[in-house]
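Step one of this worksheet: look at the structure below.
The values are calculated or read from the model by the stated rules, or taken from the named source; none is laboratory data. In this text the structure is predicted, and so the values were computed from the model without any measurement. Cβ sites come from the backbone with ideal geometry, for glycine too, and all protein chains shown count toward neighbours. Keep in mind that these areas ignore ligands, DNA and RNA; they rest on the heavy atoms of the full protein, side chains included. Shrake-Rupley method; radii C 1.70, N 1.55, O 1.52, S 1.80 Å.
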Amino acid sequence: MTRTADIPKVELHLHLEGAAPPAFIRGLAQEKRVDISGIFDESGGYKFEGFVPFLRTYEAACTVLQNPQDFYRLTKAVLEQSAAHGVIYSETFVSPDFCGGNDVEAWKDYMAAIQQAATEAEDSDGIILRGVLTCIRHEGPENAKLAARCAQETAGDWLVGYGMGGDENQFSQADFRYSFDMAREAGLRLTTHAGEWCGAKEVREAIRDLGVERIGHGVGAIEDMQLVEELAENGVVLEVCPGSNVALGVVKSWAHHPIERLRAEGVKVTVSTDDPPFFHTTMSHEYEKLADTFGWDEARFAEVNRAAIEAAFCDDATRARVLKRLET
Ligand code: MCF
Ligand code: ZN
């Protein structure tokens, strides 16, 4: 088989700050004289045990990302990594909470800096990046409306989607209906994290209450075979992040991960890293584990990448360009 790093890949679920190499965050902390040494372990990686501590560590790391230039540098560092692992198209979650505190004018400056870095990375490495503006569930529905306002003002060729991440144990999907409606009216495509911690019920609610076409994680659907059948029938796409699920303890091990069972039932599954350095993973590592655990081969990876680009939120001309590169 081709080296996994050389397989051209489409990644739909990548948190921009969550992809920040720890050394990059440490460097910024030193420059800005901020002490966040408590979020790193002895080997220099991010330190946390379990989901809520993960969210806290993530948010502490974000405190050193303080201006558009920091996000320019972050985006360059992240895309260099992604391209090295064969990613040719990536969609990244970006949150105006971390980019100017949900202020529309500030957000525009941050987004311009991220886009500038993306254009340069496309010129040098051929990787294409698009953005999905993301509200944070545990910050609540009012905050999500502010995020959706930022999304409305900047929806376009680059900002192509609206989504939600964060703590699934807080609030319900339905509480965020208003902000998702705002984003839909602005022409944005929709996704939300669901069925990571709270099972099939969350996935049902995400589809019924928010009308999303993709689901972040969605692995909890496996508890309900009726739902699995419906997902397959309706072509709902799952942004599956197996390494993340193993690292956070959503599933016991790679062998227990439901991605292969979902795929075999006809659900459109795609593969992403989520927050790669937090979970000690890369796209190549995900592919290696899928090959070792479930016997996925090049034909299977090609099928999954085609499903991913078909579900990507970019315009059709970009999709056609990426499809062509997947085929060569
Ligand atoms: O997918 C993982 C784990 N499940 C839920 N949320 C997140 C994940 N990685 C980051 N997030 C959240 C987190 O709350 O998304 C936000 C973070 O603050 C950033 S969105 C650019
Ligand atoms: Zn995620």
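Of note:
- Check on Glu105, away from ligand 1 (no atom under 11 Å from the Cβ), within 30 Å of Glu153 (Cβ to Cβ), without any contact (Cβ under 8 Å) to a residue 24 or more places away in the chain and open to solvent by 50 Å² or more (accessible area, probe 1.4 Å): yes
- Residues considered: Gly216, Gly199. Of these, the only one that is buried (at least 24 other Cβ atoms within 10 Å of the Cβ) and under 20 Å from the mean Cα position of the chain (by Cα) is Gly216.
- Residues that are touching a Gly at 6+ places or on another chain (Cβ under 9 Å) and crowded, with 23+ Cβ neighbours inside 10 Å, drawn from segment 115-130: Ala118
- Phe180 being away from ligand 2 (no atom under 16 Å from the Cβ) and more than 19 Å from the chain's Cα centre (by Cα): no
- Among the residues of segment 13-24, the one identified as open to solvent by 20 Å² or more (accessible area, probe 1.4 Å) and among the aliphatic types (A, V, I, L, M) is Ala23.
Residue by residue, here is whether (1) part of a helix (DSSP H, G or I); (2) open to solvent by 30 Å² or more (accessible area, probe 1.4 Å); (3) within 24 Å of Thr154 (Cα to Cα) holds:
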{"position": "Glu11", "(1), (2), (3)": "no, no, yes"}
{"position": "Arg26", "(1), (2), (3)": "yes, yes, no"}
{"position": "Asp35", "(1), (2), (3)": "no, yes, no"}
{"position": "Gln66", "(1), (2), (3)": "no, yes, yes"}
{"position": "Gln81", "(1), (2), (3)": "yes, yes, no"}
{"position": "Ser90", "(1), (2), (3)": "no, no, yes"}
{"position": "Phe93", "(1), (2), (3)": "no, no, yes"}
{"position": "Asp97", "(1), (2), (3)": "no, yes, yes"}
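- Pairs, first over 14 Å from Arg306 (Cβ atoms) in segment 3-15, second among the acidic types (Asp, Glu) and away from ligand 1 (no atom under 13 Å from the Cβ), C-beta under 9 Å, six or more apart: Thr4/Glu286; Thr4/Glu288
- Screening Ser253 against (1) under 26 Å from Ala20 (Cα atoms); (2) within 16 Å of ligand 1 (Cβ to nearest atom) leaves a single unmet condition, (2).
- Checked against the criterion of being within 13 Å of ligand 1 (Cβ to nearest atom) and either at pLDDT below 95 or under 20 Å from Phe278 (Cα atoms) (or both), the candidates Gly44, Gly38, Gly18 yield just one match: Gly18.
- Single residue of segment 91-115 satisfying the filter (in contact with a Phe, Trp or Tyr (Cβ under 6 Å, 6 or more places away or on another chain) and among the hydrophobic types (A, V, I, L, M, F, W, C)) that is nearest to Glu11 (Cα to Cα): Ile114
- Members of segment 26-54 that are in contact (Cβ under 8 Å) with a residue 40 or more places away in the chain, away from ligand 2 (no atom under 16 Å from the Cβ) and not small (Gly, Ala, Ser): Leu28
- In segment 238-282, the residue that is farthest from ligand 2 (Cβ to nearest atom) out of those that are among the aliphatic types (A, V, I, L, M) and open to solvent by 10 Å² or more (accessible area, probe 1.4 Å) is Ala264.
- Selection status of Asp181, surrounded by fewer than 24 Cβ atoms within 10 Å (Cβ to Cβ), free of Cβ contacts under 8 Å to residues at least 60 places away in the same chain and under 19 Å from His256 (Cα atoms): no
- Of the candidates Tyr46, Tyr58, the single residue that is surrounded by 19 or more Cβ atoms within 10 Å (Cβ to Cβ) and touching a Ser or Thr at 6+ places or on another chain (Cβ under 7 Å) is Tyr46.
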